[in-house]
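Taking it in order: structure first as structure tokens, then the write-up.
The values are calculated or read from the model by the stated rules, or taken from the named source; none is laboratory data. In this text, all values refer to a predicted model and were calculated from it rather than measured experimentally. Every residue, glycine as well, gets a Cβ built from its backbone with ideal geometry; the counts of neighbours run over all protein chains shown.
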Amino acid sequence: MAESSAIPDDARLLIDAGRISSLQWLVFALCFLMNALDGMDVLVISYAAPLLAEEWAIEPAALGVVFSAGLLGMTSGAMFIAPYADTIGRRRMIMISIVLTGSAVLATAFAQTLGSLMVLRFLSGLGIGAMLASVATMAAEFAPDRHRNLILGAVLAGYPVGATLFGVISADIIPNFGWRAIFVTAGVATLITLPLTWWLLPESPSFLMRMRPAGALDTVNRLLERMGHARIESLPAAHTQAEERRSVRALFTAELTIPTTLLWGAFFMNFAALYFLTSWIPKLATSAGLALELAIYAGAVFNLGAVFGIATFGVLSQQLGLRRTIAAFLLLTALIMAGFGLAQGSALILPLFGLIGFFIQGGFVGLYAIAARLYPTAIRTTGVGWSIGAGRTGAIVGPLLGGLLVAAGLSIGSNFRWFALTLVLAGLFTILIRSPRVS
């Protein structure tokens, strides 16, 4: 048995000083899986939409309301449900999110009315929004500081990986078994992870040492031993009530007001551009001169570029710092988008979509890393959740503005230049964030 050690101020100090253990790798793998399932559950309605709209004779405007219900749910989940992870724990919130999302997605397979479809998409969105914030926090708290950017980027890469793989699966299931079958597949796949999470996913030591639930010392010591650290004799002194505030007001203390405001602005602008692209890529690709067959692959190329961009970002940010790397990625995206119209009708269109995915998703994931570093343990999930929620409002505005610009007859070059401006602003907001916890 390991010898007892002096009491650390935070489990963070022990994790930062040690090597990455098999337990930590297991946590990262489970968090990656949760993000991959989120990517699947978000896009399942998009894959089912063409056949669903035909079968139910749904007008495009009504289908847009269904999409918006999911986005509204994700925004609400990130802002109003995820913060409870700072009270009940990251592990419990992840399991609650699995049940909520999986049950709602599975129930969608049995929906009979447009109204029930909207309600179920909203409920699944609640779980997805809460899951994303909780998983990002869990991964950040188990990762050593020297590798945190890279690990968090790798974990969040699960989202585009899951979206891409599920797209391939959907292309086989929907034509053969119908749109309801894809919701059964996604719902069951999500719910199956509940026992896996129950048995394998531990609670964050940082959370346990701060909240001090019954049996916390024994639980922390078991985790420390599994990570190769010495046992501790007792928990650190309890923090004061003021330090334990978990409401959104705690994000606007004298130290955090300006960084929080800038981070929310960066999330909003980045989400607006990202969801404009993901919503309109097929339409924009055909407008840019691609054949319909190739335009369908534009989304896959965009997501493939995202996977490589997130991995590259993780490596570079460890060397160059978070803020500078994010700003560089976003400004490079803006530069490519500003000049996109010059490539219309050429063979460069598809590779450019890949490059845009590479840079915008890399910078986008970096904002999660800033949120996870900026806020202390007691309000970390609250901070991450509300940052995502602020961004999700941009996700609603972006596609809507894109639709208005397309309807107004603006060229693809003009559309891209408008949204390149939002990325310039996102990069500017990011570089202005100042905190001793953020490089």
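Checking every residue in the stretch 215-222 against the condition of being out of contact with any strand residue (DSSP E or B) (no Cβ under 8 Å at 6 or more places or on another chain), modelled with pLDDT under 85 and surrounded by fewer than 19 Cβ atoms within 10 Å (Cβ to Cβ) gives at least one match. Screening the stretch 400-432 for residues that are crowded, with 21+ Cβ neighbours inside 10 Å and not small (G, A, S) and picking the one that is farthest from V365 (Cα to Cα) gives I412. Tell me, please, whether a residue that is under 30 Å from F308 (Cβ atoms) and of a type outside the set (A, V, I, L, M, F, W, C) can be found in the stretch 212-224. Among the residues of the stretch 212-224, not one is under 30 Å from F308 (Cβ atoms) and of a type outside the set (A, V, I, L, M, F, W, C), which makes the answer no.
Residues checked against (1) more than 18 Å from the chain's Cα centre (by Cα); (2) part of a loop (DSSP other than H, G, I, E, B); (3) without any contact (Cβ under 8 Å) to a residue 40 or more places away in the chain; (4) surrounded by 24 or more Cβ atoms within 10 Å (Cβ to Cβ):
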residue: L23; (1), (2), (3), (4): yes, no, no, no
residue: A29; (1), (2), (3), (4): no, no, yes, no
residue: D38; (1), (2), (3), (4): no, no, no, yes
residue: A53; (1), (2), (3), (4): yes, no, yes, no
residue: L71; (1), (2), (3), (4): no, no, no, no
residue: I81; (1), (2), (3), (4): no, no, no, no
residue: R91; (1), (2), (3), (4): no, no, no, no
residue: G102; (1), (2), (3), (4): no, no, no, no
residue: A107; (1), (2), (3), (4): yes, no, no, no
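For the stretch 404-439, a residue qualifies if it is in the same structural domain as R373 (by TED's automatic domain parsing) and free of Cβ contacts under 8 Å to residues at least 24 places away in the same chain, and the qualifying residues are L404, L405, A407, A408, G409, L410, W418.
Between Q319, Q361, which is touching a helix residue (DSSP H, G or I) at 6+ places or on another chain (Cβ under 9 Å) and free of Cβ contacts under 8 Å to residues at least 24 places away in the same chain?
Working: Q361 fails: free of Cβ contacts under 8 Å to residues at least 24 places away in the same chain.
Just one listed residue meets the conditions, Q319.
Yes or no: the stretch 421-439 includes at least one residue that is closer than 30 Å to L374 by Cβ and among the charged types (D, E, K, R). There is at least one residue in the stretch 421-439 that is closer than 30 Å to L374 by Cβ and among the charged types (D, E, K, R).
Test A347 against the stated conditions and say whether it is at pLDDT below 90 and in contact with a Lys or Arg (Cβ under 8 Å, 6 or more places away or on another chain). No, not satisfied. The set of residues in the stretch 44-68 that are in contact with a Phe, Trp or Tyr (Cβ under 9 Å, 6 or more places away or on another chain) and closer than 17 Å to G398 by Cβ contains only S46.
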